[in-house]
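Quick notes on the structure that follows.
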Amino acid sequence: MTNHHRSVISLQVNGAPHRLSVDNRTTLLDALREDIGHTGPKKGCDHGQCGACTVLLDGRRVVSCLTLAVAAEGEEITTVEGLAGDGELLPLQRAFIGLDGFQCGYCTSGQLCSAVGMLAEHAAGWPSAASADVSPDGPAPVLDAAEVRERMSGNLCRCGAYPSIVRAVLETAAQEEIAG
């Protein structure tokens, strides 16, 4: 007998393949946490409003509580556990630590994944609602505190570590510009 409510899917999470049998209604967040054991993405609001569950799906940030696991079939998923390569923290992670960009830590994994995604968006020249010129032929947006705040607005921090998060993102972006 065929079960039309379940699917067998393959997910690539932090470079490792996973084959799962999931209910078609299972969110990516629940599959990551409950089936695979990656507890970095947090279940905050479970409505896509807080950003604690943010992960990267093929390099683009998504709220995993609103993404169905079956929709991520064949995609490369990066959670906070997969950001550091070879045990080396990313400059962004080091900046979060050095500038105290977290307090309780609950939102930190989503903040970090979102910041990695937004820095890539900015590097690709994507404007935000705070960008002065959003025309296709306009100049690349300047990454300042207003830009960072706007681009990170989908990630909430109940502790109020926003000033440190913004400084960590700006410091990382400046270091990448120098190195690049």
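The values are calculated or read from the model by the stated rules, or taken from the named source; none is laboratory data. For clarity, every value in this text was computed on a predicted model and none was experimentally measured. Cβ: placed from backbone, ideal geometry, glycine included. Neighbour counts: every protein chain shown. Areas reflect the complete protein model, heavy atoms only, side chains present, ligands, DNA and RNA absent. Shrake-Rupley method; radii C 1.70, N 1.55, O 1.52, S 1.80 Å.
Annotations for the structure displayed:
- Residues in region 4-31 that are in contact with a His (Cβ under 8 Å, 6 or more places away or on another chain) and either assigned to a strand (DSSP E or B) or within 12 Å of residue 72 (Cα to Cα) (or both): 6 in all.
- Checking residue 34 against (1) at pLDDT 95 or above; (2) part of a loop (DSSP other than H, G, I, E, B), the condition it does not meet: (2)
So that you can scan it fast, the table gives a plain yes or no per residue for (1) closer than 22 Å to residue 50 by Cα; (2) not hydroxyl-bearing (Ser, Thr, Tyr):
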| site | (1), (2) |
| --- | --- |
| 68 | yes, yes |
| 74 | no, yes |
| 79 | yes, no |
| 96 | yes, yes |
| 101 | yes, yes |
| 108 | yes, no |
| 122 | yes, yes |
| 129 | yes, yes |
| 135 | no, no |
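- Filter pass, residue 9 being among the hydrophobic types (A, V, I, L, M, F, W, C), in contact with a helix residue (DSSP H, G or I) (Cβ under 9 Å, 6 or more places away or on another chain), open to solvent by less than 50 Å² (accessible area, probe 1.4 Å) and farther than 21 Å from residue 158 by Cβ: yes
- If the condition is being open to solvent by 40 Å² or more (accessible area, probe 1.4 Å) and either of a type in the set (Gly, Ala, Ser) or under 17 Å from residue 131 (Cα atoms) (or both), then region 161-180 contributes 170, 174, 179, 180.
- Residue, nearest to residue 86 (Cα to Cα), within region 6-41, restricted to residues that are of a type in the set (S, T, N, Q) and touching an Asp or Glu at 6+ places or on another chain (Cβ under 7 Å): 14
- Test result for residue 77, at negative phi and under 13 Å from the mean Cα position of the chain (by Cα): yes
- Sole exception among (1) in contact (Cβ under 8 Å) with a residue 60 or more places away in the chain; (2) of a type in the set (Phe, Trp, Tyr); (3) out of contact with any Lys or Arg (no Cβ under 8 Å at 6 or more places or on another chain) for residue 106, by number: (3)
- Number of the condition not met by residue 46 [criteria: (1) at negative phi; (2) under 16 Å from the mean Cα position of the chain (by Cα)]: (1)
- Given (1) open to solvent by 30 Å² or more (accessible area, probe 1.4 Å); (2) in contact with a strand residue (DSSP E or B) (Cβ under 7 Å, 6 or more places away or on another chain); (3) not charged (D, E, K, R), index of the condition residue 15 fails: (2)
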